[in-house]
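J.: This is the structure I want to talk about, given as structure tokens.
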Amino acid sequence: MYIEPSERMKVIHIWIGVTSLNEDDLDEYFLSDESEENLRFLKGVNELDPDFVGIIKFDTDLKVSDILKNEIPINVGEDIKDAISKCESLGIDFANTIFYLTDTTIEVSDESAKPLGLIYIGRYKSSF
């Protein structure tokens, strides 16, 4: 069943953390032809559409609250507060990498999976 891109992008799934990999290695992991093997933490996903994926790598560790407020297309208001609160409860104060999916059709089948050390902080309304 076809879903309009604007409808698919109403939800954002966010993983955050610290990794030593560079942007090319991150792209290779999440978007390569071998991604099916790497994406076992997602339900029914064999590959990701790059139009719905964001991978941001910073040169240094930044405060998670600053990253969520300024870099991620998350709905302003309660969703940002909830995401920051989730990070605090998980002990994530700083990060250098964000991986996110803006896709209502994606289901996270293993929320405890930590692809490349990134931690899933949840599903939120996107600002798209």
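J.: Helix-derived [θ] at 222 nm for the chain: sum -39500 (n - 2.57) over DSSP H runs of at least 4, divide by residue count, nearest 500? Write out the running numbers ahead of the final one.
T.: Values: 5 runs with 37 residues, N = 128.
After summing the helix terms and dividing by the residues of the chain, the value is -7500 deg cm²/dmol.
J.: Just the accessible area for F128, please: 1.4 Å probe, Å², rounded to the nearest 10?
T.: F128 has an accessible surface of roughly 130 Å² with all protein chains in place.
J.: Taking a 1.4 Å probe, which of R123, R8 shows the most accessible area, and what order do the others take after it? Walk me through the numbers on the way to the answer.
T.: Numbers: R123 130, R8 55 Å².
My answer, sorted largest first, is R123, R8.
J.: List the relative contact order of the range 7-110 as a percent without decimals, with contacts defined as Cα pairs under 8 Å and 6+ residues apart.
T.: Reported relative contact order: 50 percent.
J.: Place the peptides 11-23, 105-117 in order of packing, highest mean first, counting for every residue the other Cβ atoms within 10 Å and averaging per peptide. Walk me through the numbers before you get to the answer.
T.: Working: 11-23: 18.5, 105-117: 14.5.
Those peptides, ordered most packed to least, come out 11-23, 105-117.
J.: Heavy-atom accessible area per residue, the chain, 1.4 Å probe: how many Å²? Write out the running numbers ahead of the final one.
T.: Values: 7270 Å² over 128 residues.
Here the per-residue accessible area is 57 Å².
J.: Additional query: How do M9, M1 rank by accessible surface area computed with a 1.4 Å probe, from largest to smallest? Kindly include the intermediate steps, with their values, before the conclusion.
T.: Working: M9 40, M1 215 Å².
Order by accessible area, largest first: M1, M9.
J.: Still on this structure, I have one more. Under 1.5 on a/c is rounded, so check that first for the chain, then, if it is not, pick prolate when a/b is larger than b/c and oblate when it is not; a ≥ b ≥ c are the square roots of the alpha carbon gyration tensor eigenvalues. Please report the intermediate quantities before stating the final value.
T.: Details: a/c = 1.62, a/b = 1.14, b/c = 1.42.
Note, shape of the chain comes out oblate.
J.: Then there's this: Quick one: which residues, 5+ away or cross-chain, put their amide H under 5 Å from the amide H of V11? H built at 1.01 Å from N.
T.: D103, T104, S126
J.: For the range 33-128, give the percent of accessible area contributed by carbon and sulfur heavy atoms, probe 1.4 Å, rounded to a whole number. Don't jump to the answer; show the numbers that get you there.
T.: Working: 2170 of 5370 Å².
On the range 33-128, the fraction of accessible area on carbon and sulfur atoms equals 40 percent.
The values are calculated or read from the model by the stated rules, or taken from the named source; none is laboratory data. No experiment lies behind these values; they were computed from the predicted model shown. Note: ideal-geometry Cβ built from the backbone for every residue, glycine included; neighbour counts use all protein chains shown. Remember, those area values only see protein heavy atoms, side chains included, never the ligands or the DNA or RNA. Shrake-Rupley method; radii C 1.70, N 1.55, O 1.52, S 1.80 Å.
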